[in-house]
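The values are calculated or read from the model by the stated rules, or taken from the named source; none is laboratory data. Here the structure is a predicted model, which means the values were calculated and not measured. Cβ placement follows ideal geometry from the backbone for every residue including glycine, while neighbour counts extend to all protein chains displayed. Surface accessibility is based on the protein's heavy atoms, side chains included, excluding ligands, DNA and RNA. Shrake-Rupley method; radii C 1.70, N 1.55, O 1.52, S 1.80 Å.
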Amino acid sequence: MGIDTAGGLEIPGAHEVGWYRFGARPGAGAGSVVLAAHVAYDGEDGVFRHLGSLKPGATVVVETADGRQLGYRVDSVAAPPKADLPIDDLFTPSSPERLVLITCGGSFNPQLRHYDSNVVVIATPTPAPTPAPAG
């Protein structure tokens, strides 16, 4: 995803997680890896429906297009009002690698079809968990 015509972050489809293509690539070792998805869309739960329930210390696994699994440890979960989203702090190209997960949160206004806040999860790289053996 990139930037939409209004200058905001493009939003992926209802059942997809979008990677911000102008940020760091997962596993690159530096910068913010920004992923965004819906909390809900058109009456259905979105991919990030439960993002706000993550707690610091939880593990998030990102699977890349080539099948690599990258682990991240949740450092913080915040719910800033949309107007106060710290864009410059979240989209940092030169910081140590970190994962930034963004979705909508707070109260939903059905007339505007808009949430008043965002949910932002920040996580740092850690070894991905080893899958349990089959059988």
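Assorted remarks:
- Accessible surface area normalised per residue over the chain is 59 Å², counting heavy atoms of protein chains with a 1.4 Å rolling probe.
- Solvent-accessible area, 1.4 Å probe, carbon plus sulfur percent, for segment 2-91: 51
- Extension gain, HIS50 back to THR92 (0.36 nm per residue minus Cα-Cα distance, nm): 12.6 nm
- Each peptide among 107-116, 10-19 gets the average number of other Cβ atoms lying within 10 Å of its residues, and from highest to lowest they stand as 10-19, 107-116.
- Contact order for the chain, expressed relative to its length and based on alpha carbon pairs under 8 Å spaced 6+ residues apart, stands at 24 percent.
- Cα shape, the chain, gyration tensor, a/c 1.5 rule: prolate
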